[in-house]
Amino acid sequence: MSKFLNNKYLTLDTYTPGEQPQDMQYIKLNTNESPFPPAPNVLKAINSREIENLRLYSDPECQNLREKLAGLYGVSSDQVYLSNGSDDILNFAFMAFSGNGTQAAFPDISYGFYKVFANLQGTQYTEIPLKEDFSIDYQEYCNLDKFIVIANPNAPTGLTLSISEIERILKSNPNHVVVIDEAYVDFGAESCYPLINRYENLLVVQTFSKSRSMAGARLGFALGPKELIADLNKIKYSTNPYNVNRMTLLAGEATIDANDYYLEKCKVIAQNRDYTTKELEKQGFKVLPSKANFILVKYEGIEGKFIYEQLKKSGILIRHFSTFRIKDYNRITIGTKEQMNVFLREVNKIVSEG
Ligand SMILES: *Cc1c(COP(=O)(O)O)cnc(C)c1O
């Protein structure tokens, strides 16, 4: 740290991303990426002519892609916002809708970035404890009179709230924005985006990173009432209007054209998740019932950290969190069936040796 850093950032705790090791090839089950490559037409979309066009700025309005998304979801294009990954949108949402007297609330166990964004914006916040079984008690979010952020499915539990529960939260907090972060919704949960036509305070955030095999291209989007989308644009045009680059826009458009390819891949991942869950339960693991592309698991009597370390030695990366309430657990991203079988074999060796 230099002596020049603004005081307000001195104590900022930054987000810790999962490992992206560059030293060797692991079976990578640690950051919820897709094991499948983008659809063939995405590879074609990024051709040499488009690379020549990199000398030109990208379309700050992301018009083509917004229209494609609007068509896919049956909303109007002014209800769609695009950004450089959904982290960018979440940051903008904290910037636009919290602070200056508006406090934030989110679950104590959830996506680690919410707390970082709150601190970055100087927003006071409350972390609402998950229930004993790690589910969210929606009633704790009713009549809060705060800016609310909930991941649905939640991370890293994979558990969901129902649409009617989300609706109760929206209805009882009419003076504040409620962000529903649906990074994992495509793996079998239900999206609440149809509610954007009925609730002026609902912002739904999704990403191309998980279900659309584009984590490295950085593309996220939000669906919401056009007034909320205009607020996000106000922040975007005050920071970096070109925050989605030309190659990513093209890849995103080709991705929406290939929607059936991704639906099929999501189905395969959901099947592999249910298969892995059953096999782990046979081995004696406790597995939370996930609707996402990961599962949160523990083995009574063996430390989560130990299992993580042993697997890493055999070339398999999973995610361990040191957060107190989930320190006995590990989060395992669902990969291909072949990857999951290697994982199941290796983890079985670890737990049967104790
Ligand atoms: C991965 C993830 C994100 C961020 O996704 P990007 O679009 O890659 O920035 C947001 N929210 C949750 C809950 C996530 O797990």
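The values are calculated or read from the model by the stated rules, or taken from the named source; none is laboratory data. Just so it is clear, the structure is predicted and the values come from calculations on it, not from any experiment. Because the Cβ atoms are built from the backbone with ideal geometry, glycine has one as well, and the counts that use them run over all protein chains shown.
Tell me whether the stretch 77-99 contains one or more residues that are touching a residue at least 40 places away in the same chain (Cβ under 8 Å), in contact with a Ser or Thr (Cβ under 9 Å, 6 or more places away or on another chain), in a helix (DSSP H, G or I) and away from the ligand (no atom under 16 Å from the Cβ).
no
Any idea which of ILE163, ILE128 is in contact with a Cys (Cβ under 7 Å, 6 or more places away or on another chain), at pLDDT 95 or above, more than 13 Å from the ligand (Cβ to nearest atom) and in the same structural domain as GLY85 (by TED's automatic domain parsing)?
Residue meeting the stated conditions: ILE163.
May I ask you to list pairs of residues, at least six apart or on different chains, whose Cβ atoms are under 6 Å apart, with the first in the stretch 232-244 being over 12 Å from ASN84 (Cα atoms) and the second being outside any helix (DSSP H, G or I)?
Listed pairs, sorted by first residue: LEU232/TYR81.
Against the condition within 16 Å of the ligand (Cβ to nearest atom) and at negative phi, how does ASP133 come out, does it pass?
No; evaluated as a whole, the condition is false for this residue.
Any residue in the stretch 204-231 that is part of a helix (DSSP H, G or I) sitting within a Cβ distance under 6 Å of a residue that is near the ligand (Cβ under 8 Å from one of its atoms)? List the pairs, counting only those 6 or more apart or interchain.
Cβ pairs passing all conditions: ALA215/SER209.
Provide a single number: the residues in the stretch 200-224 that are away from the ligand (no atom under 16 Å from the Cβ) and surrounded by fewer than 20 Cβ atoms within 10 Å (Cβ to Cβ).
1
Out of the residues in the stretch 100-125 that are in a loop (DSSP other than H, G, I, E, B) and either of a type in the set (Gly, Ala, Ser) or outside the structural domain of GLU227 (by TED's automatic domain parsing) (or both), which is farthest from the ligand (Cβ to nearest atom)?
Step by step, filter the stretch 100-125, then rank; the result is GLY101.
Go through (1) away from the ligand (no atom under 16 Å from the Cβ); (2) touching a residue at least 60 places away in the same chain (Cβ under 8 Å) and name the single condition ASN47 misses.
Looking at each condition in turn, ASN47 falls short on (2).
Could you please find all residues in the stretch 12-31 being touching a residue at least 12 places away in the same chain (Cβ under 8 Å) and either on the phi > 0 side of the Ramachandran plot or away from the ligand (no atom under 16 Å from the Cβ) (or both)?
Across the stretch 12-31, the qualifying residues are LEU12, ASP13, PRO21, MET24, GLN25, TYR26, ILE27.
Could you go through the stretch 274-291 and let me know if any residue there is within 15 Å of the ligand (Cβ to nearest atom) and either assigned to a loop (DSSP other than H, G, I, E, B) or not hydrophobic (A, V, I, L, M, F, W, C) (or both).
yes
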